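Beneath this line is the structure, given in structure tokens, with notes to follow.
Laboratory data are not the source of any read-out in this text; all were calculated from the coordinates shown. Just so it is clear, the structure is predicted and the values come from calculations on it, not from any experiment. We place every Cβ from the backbone using ideal geometry, glycine too, and count neighbours over all the protein chains shown.
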Amino acid sequence: MSQALYRTWRPALWEEVVGQDHIVQTLQNAIAMNRIGHAYLFAGPRGTGKTTSARLLAKAANCLAEDSAKRPCNVCANCVAVNEGRFLDLIEIDAASNTSVDDVRELRDKINFAPSQGKYKVYIIDEVHMLSTSAFNALLKTLEEPPNHVIFILATTEIHKIPATVLSRCQRFEFRRIPAPIIVKKLQTLTKQENIDIEPEALNLIARQATGALRDAISLVDQLSSISKKVTLPIAQDLLGTATNQAVIDLTDAIIKQDQSRGLEIIQTALDSGADSRQFARQTVEYLRDLLIIKLGVGKQLELTPEVRDIMNQHAESMQTEQLTSIIEDFSKAATDQKTNWHPGLGLELAYASAISWQESAPVPQVQSIPQASYSAPAASYSSPASQIAQSPTVKSSPKVSPTPKPAQSKKPAPAKKTPPAQVQDMPNQTGAAEGKMELTSENLNAEMDKFKTAIKRGNSSTVGLINSARIYVPNNKTLVLNFATQILCDMMRDENNMKVMRIVVEYFFGKDIRIICNFGDYDYTEHANDSDEEESLLDAVAKRFNGVIIETGKED
Ligand SMILES: Nc1ncnc2c1ncn2[C@@H]1O[C@H](COP(=O)(O)OP(=O)(O)O)[C@@H](O)[C@H]1O
Ligand SMILES: [Mg+2]
Ligand SMILES: [Zn+2]
């Protein structure tokens, strides 16, 4: 095979795009009616057809077919040129490698030239979330008044990283994960045409493993068919490593039961039967991550068989959110750690040992009372109870003492961990509140915390779970920081559905122009509270250090 299978199978016509009917329909209509927009944003998981659809749109916009409803025709000179990758007016930019403001300026200078071959110059900017802030600003200027002959198609897998100002100027299309049955159907056509001998059960397995990304599914077929003439289910299982799934489930069971010998036995058996220790650690991480998703109330999005869902629901029920994230971290270390390489099982065993001792060692929650002098030290431990609002150095309060540790064998969450938010202390605040709204201070927020959370819960019940696991800072009266213990939690919060609720509720309570910063890890916000130019320096620092996402209220279209 000279070319990767997924490339040779890139749809050349709208009809070949699957699983994105709502998008295809809308774009086809726009083309048929000659109402093509100037700025599009294609968002969604990788391998679901964003680049494919962007190229189809570019091709259709420049297609010479008489009947606009038949564009792209795939036979006219322009269509052929696009298909052969030599159409000069289709410019594809990978933002991941052209992130600077100069790159965008250069683009801006060039777009004023008329198209050389076609009717439109089409710019596809892939991974657009990778652009720097200044590059975004430069792009924004262009999006404000694009020349008539220009079409922008921005594509991203991480829509939450796109500034609201850019979002509001684009027609937005959200690509969905492609359901497994549709993937199977596509793979059937493909394997038949490519003369690939593959068992239907193997196709089912591949489709499930691809989790909605058709590209991944095609790549797996490609890989499997290159190692075996006939692809059977056992071969597919071997390569995809699903035979060890049961081991992961058993291991989780052992963690919950805190059964030391059972867990080590499971690990040993898996390794003895040929499992790769890191792969096993990775699978464990994936499984636990799914439990976390279930725990946060968004398990519906997981594609699971009813039996597995039952088991997972039980597992999720028996673990606490903080426990899960902590165990996930243990096992991701095992998946990447080089130090324990010399002993294949060691990383896993250490992770397991740490996982079952979590309840004993964990929460002696030291609260976030951090005297200014000593604040350069890392902030309080993240096993501290959820939803306490960290206080500033300006306030004197003694550390709260942890709730009584609970017995090691208990499987139920310690009640103390659900402690409602502690009192809030805030930073010096400068100006007054926005008209008619409450000023954003930690005191005000603290006083309204119950109502605040109820409002969030009404918007989305899983969002409030995340908020409960965050530390909340109010470094100044325009900024609210949600600081998470781990990246996993932070990424979940960054999900658009959660952010939207948050934005609306914050705006409702505190007015417009409040920045909500979502990040993870230790960070000394108080250090920046008194800077003269405090907003900028805070935001810059966060963006640099923690890849923080900044959401602003009142900025959505
Ligand atoms: N919705 C889809 N319909 C048909 N093929 C698809 C679809 N999504 C992905 N593919 C297949 O996967 C390959 C990569 O898709 P691509 O459009 O580059 O994904 P994305 O840009 O969303 O990451 C395509 O060449 C095609 O083979
Ligand atoms: Mg792409
Ligand atoms: Zn054409």
What span do the alpha-carbon atoms of the range 243-360 cover on each of the three principal axes, reported in whole Å from largest to smallest? 40, 32, 24
Quick one: of Lys257/Lys300; Lys50/Lys110; Lys119/Lys185; Lys257/Lys451, which pairs are farther than 28 Å apart, Cα to Cα? Lys119/Lys185; Lys257/Lys451
When the Cα centres of the range 187-238 and the range 440-495 are compared, how far apart do they sit, in Å? 44 Å
Mind giving me the nanometre distance, one decimal, between the label points for Leu140 and Arg309, set 7 Å out from Cα along Cα→Cβ? 4.3 nm
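May I ask you to sort Phe42, Phe87 by Cβ crowding, counting other Cβ atoms within 10 Å and putting the fewest first? Spell out each step's value before the answer.
Numbers: Phe42 29, Phe87 23.
Ascending number of Cβ neighbours within 10 Å: Phe87, Phe42.
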